[in-house]
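Okay, structure first, notes after.
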Amino acid sequence: MAQGCLKCLKITMCVANFLCFMCGAAVLGFGVYLMVNFNFASLTPTLAQFSIANMLLISGIIISCVSFLGFMGALKENRCLLLTFFLLLFLLMLVELAAACLLLMHEKQIGELLQKDLTNGLEKAKAKNFNSTEFSTDWDLLQNTFKCCGVKNATDWGNNVPNSCKPKEYELAGCLDKLQTFFEDNFVTTGISVIVLCIIEVLGMCFAMTLFCHISRSGLGYKL
């Protein structure tokens, strides 16, 4: 009976971590694609290190590495790897909760910083000629995606209005307002996603610790 439970738990952890590894690899690949094809630094120069591409790249690496540890720990019944997997999941959950709390507490300051950085990026785009590939791709992508123009409105571009701000659409809202509306509209979805992620991490920790204790009691697996 005990061996049957151990085998079932082992298979469950292997399959779950393999799927997580594949998801992490996909996120990593998408992050590399964005980093190669889009220079988000032209939108927010000061916050370039926090661009979507960088966040996806880092997230993909973390997910892949942690899930690989969990997969190998369960497959090889290695208590050291299982304990490391448990501790990394616990630390990740703490970091996620801390980041969520900080974002909620400093929402106004983050909005002001984003506005300042977008304005700075737009001024650099105007100074370096918007028609250059580096700036036109990123600002066109932003303005076409969110149906916006400039930071506050089309007048931010002065006389050098880009093609993504059509003449008949000069009354489009600024991209800052559109971004804020987008995040507000998806606030509940984001919150649910964070909660689901935390639940998955807690389940992963429970599975890892259960398997760890089961292996210890059975006298199986590699010792610490």
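The values are calculated or read from the model by the stated rules, or taken from the named source; none is laboratory data. This one's a predicted model, so the numbers in the text were calculated from it and none came from an experiment. Because the Cβ atoms are built from the backbone with ideal geometry, glycine has one as well, and the counts that use them run over all protein chains shown. When the accessible area is computed, the model is the full protein with side chains, heavy atoms only, and any ligands, DNA or RNA have been set aside. Shrake-Rupley method; radii C 1.70, N 1.55, O 1.52, S 1.80 Å.
Observations
- Flag if Ile11 is under 30 Å from Thr210 (Cβ atoms), surrounded by fewer than 16 Cβ atoms within 10 Å (Cβ to Cβ) and either of a type in the set (Phe, Trp, Tyr) or at pLDDT below 90 (or both): yes
- Residue that is farthest from Asn120 (Cα to Cα) [pool: residues in the stretch 137-165 that are hydrophobic (A, V, I, L, M, F, W, C) and over 22 Å from the mean Cα position of the chain (by Cα)]: Cys165
- The test for being modelled with pLDDT of 75 or more and out of contact with any Phe, Trp or Tyr (no Cβ under 7 Å at 6 or more places or on another chain) does not hold for Leu47.
- Scanning the stretch 197-214 for residues that are without any contact (Cβ under 8 Å) to a residue 24 or more places away in the chain and either under 16 Å from Asn17 (Cα atoms) or open to solvent by 70 Å² or more (accessible area, probe 1.4 Å) (or both) yields Ile199, Ile200, Leu203, Cys206.
- Pair list, Cβ under 9 Å, 6 or more apart: the stretch 17-38 residue touching a residue at least 12 places away in the same chain (Cβ under 8 Å), other residue among the acidic types (Asp, Glu): Phe38/Asp138
- Of all the residues in the stretch 84-100, those that are open to solvent by 70 Å² or more (accessible area, probe 1.4 Å) and either β-branched (Val, Ile, Thr) or under 22 Å from Gly191 (Cβ atoms) (or both) number 5.
- Flag if Thr155 is open to solvent by 20 Å² or more (accessible area, probe 1.4 Å), under 30 Å from Leu92 (Cβ atoms), assigned to a helix (DSSP H, G or I) and β-branched (Val, Ile, Thr): no
- Answer from Leu113, Leu81, Leu142 - the residue that is modelled with pLDDT of 80 or more and open to solvent by 50 Å² or more (accessible area, probe 1.4 Å): Leu113
- One residue from Val36, Val32, Val66 being of a type outside the set (Ser, Thr, Tyr), open to solvent by less than 80 Å² (accessible area, probe 1.4 Å) and modelled with pLDDT under 90: Val32
- Test: residue in the stretch 69-84 that is under 20 Å from the mean Cα position of the chain (by Cα) and assigned to a helix (DSSP H, G or I): no
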